[in-house]
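Engineer: I'd like to ask some things about the structure below.
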Amino acid sequence: MKFTKMQGAGNDYVYVDCFRETVANPQQLAVRLSNRNFGIGSDGLILIMPSESADVRMRMFNSDGSESEMCGNGIRCVAKYAYDHGIVTKQEITAETGAGILTLQLFTGDDGKVGKVRVKMGPPRLTRGEIPMTGEPTSQVIAQPLNILHTTFAITSVSMGNPHCVIFVDDVESFQVEKYGPLVENHDLFPRRTNVEFVQVLSRTEVRQRTWERGAGETLACGTGASAVCAAGFLNGLTERKILNHLSGGDLELEWSDDGSIYMTGPAVEVFSGEIDL
């Protein structure tokens with residue numbers, strides 16, 4: 001099977017071009033390919049597929065084999081692959097995901113290849129029913145207390161097509177992400193589990209984020225998570241609607257626009273291509 005390894009802000013996935021390849025068992029394949037010692041090594045597997053309703057379709061599987069609705073860093077790389085490899089020829093395209101159809105604007109460099117992508121991520125979904133969370137379906141969760149191991153966190157929950165729990169901390173570099181991340185991810189409040197963002201506010205327009213991804217552990221970046229942080233920061237009165245987010249693998253630009261949607265701009269990089277014997 002032919003594959004391409006790509007990364008967006010350090011969030012790396014194995015991509016398979018399903019216009020040319022057939023993948024019969026993506027859940028099991030994701031576990032195998034993602035293993036950094038016995039496989040290719042990645043945060044998961046992303047399939048680039050034909051779509052009846054958009055220019056391309058993306059399916060995304062975490063390194064534990066579970067399927068997620070969307071991946072913000074992953075979809076930028078899908079757009080880059082589709083353009084650079086001739087699946088699409090225009091610089092504004094649509095992509096079908098488990099979170100709906102998204103519009104992406106592609107920026108090419110001097111070599112004619114895509115280097116940066118701006119994604120219209122859509123509006124943040126803020127009610128418990130949309131996230132989803134247990135409790136009254138129409139209520140919102142903004143700076144509400146959650147007790148974990150005798151420590152109380154103020155959590156803000158947002159869905160960007162997949163669930164996120166945002167927690168603001170004083171010093172994110174020293175914070176024990178690997179200790180608290182899985183406990184929040186698997187908390188009874190979240191029937192489908194949740195991604196967890198631990199965030200330090202640097203200024204009204206700048207934050208530093210570390211991410212515990214549902215089904216993958218700590219990753220270097222999370223685009224849907226960065227979008228959720230943009231919404232959560234503004235809702236908590238901590239940041240403006242437009243921010244620069246420093247993730248472990250690179251920077252993302254976020255804006256919660258007046259049209260209600262969050263826009264994310266960031267890099268998309270092809271690392272290498274190859275074949276693996278299945």
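Each value in this text was obtained by applying a stated rule to the coordinates, not by laboratory testing. Everything quoted here is computed from the prediction, not taken from an experiment. As a convention, Cβ positions derive from the backbone with ideal geometry for all residues, glycine included, and neighbour counts pool all protein chains shown.
Engineer: In what order do 261, 227, 174 fall by count of nearby beta-carbon atoms within 10 Å, going from fewest to most?
Structural biologist: Ordered by Cβ neighbours within 10 Å, fewest first: 174, 261, 227.
Engineer: So, one more: Kirkwood Rh over alpha-carbon pairs of segment 137-207, then Stokes-Einstein at 4 °C and 1.567 mPa s: what D in µm² s⁻¹, rounded to an integer?
Structural biologist: The diffusion coefficient I find is 101 µm²/s.
Engineer: Where does the chain land on Rg(C-alpha)/(2.2 N^0.38 Å)?
Structural biologist: This ratio for the chain stands at 0.96.
Engineer: Looking at segment 1-56, which chymotrypsin sites (Phe, Trp or Tyr not before Pro) are in a loop (DSSP not H, G, I, E or B) and have at most 15 other Cβ atoms within 10 Å?
Structural biologist: In loop regions of segment 1-56 (DSSP not H, G, I, E or B), the sparsely surrounded chymotrypsin sites (Phe, Trp or Tyr not before Pro) are 19, 38.
Engineer: Sum up the charges of everything whose Cβ sits under 15 Å from the Cβ of residue 80, counting Lys and Arg as +1 and Asp and Glu as -1, but leave residue 80 out.
Structural biologist: Counting the neighbours of residue 80, the net charge comes to -1.
Engineer: Continuing with this model, one more query. Residue by residue through segment 105-122, which ³J(HN,Hα) values in whole Hz follow from phi under the Karplus form 6.51 cos²θ - 1.76 cosθ + 1.60 (θ = phi - 60°), with glycine and proline marked x?
Structural biologist: Values per residue, Gly and Pro as x: 9, 9, 10, 9, x, 5, 7, x, 9, 6, x, 9, 9, 10, 10, 7, 7, x Hz.
Engineer: Provide 32, 118 in ascending order of the number of other Cβ atoms located within 10 Å of each residue's Cβ, fewest first.
Structural biologist: With the sparsest Cβ surroundings first, the list reads 32, 118.
Engineer: Further question: Among 101, 87, 155, determine the one that fluctuates most according to a GNM of the chain built with springs between C-alpha atoms less than 10 Å apart.
Structural biologist: 87
Engineer: For segment 167-216, which GluC sites (Glu not before Pro) are both in a DSSP coil and crowded by at most 15 other Cβ atoms within 10 Å?
Structural biologist: 173
Engineer: Given 184, 235, 167, which one lies farthest toward the positive end of the charge dipole of segment 144-260, if we put +1 on the Cβ of every Lys and Arg and -1 on the Cβ of every Asp and Glu?
Structural biologist: My answer, from the dipole projection, is 184.
Engineer: So, one more: For segment 144-260, how big is the tail of P(r) above 21 Å, as a whole percent of Cα pairs?
Structural biologist: Value for segment 144-260 (Cα pairs over 21 Å): 28 percent.
Engineer: Now a separate question. List 76, 59 from most exposed to least, where exposure is judged by having the fewest other Cβ atoms within 10 Å.
Structural biologist: 59, 76
Engineer: Can you list which of the GluC sites (Glu not before Pro) found in segment 216-278 are DSSP loop residues with at most 16 other C-beta atoms within 10 Å?
Structural biologist: Loop-located and lightly packed - 240.
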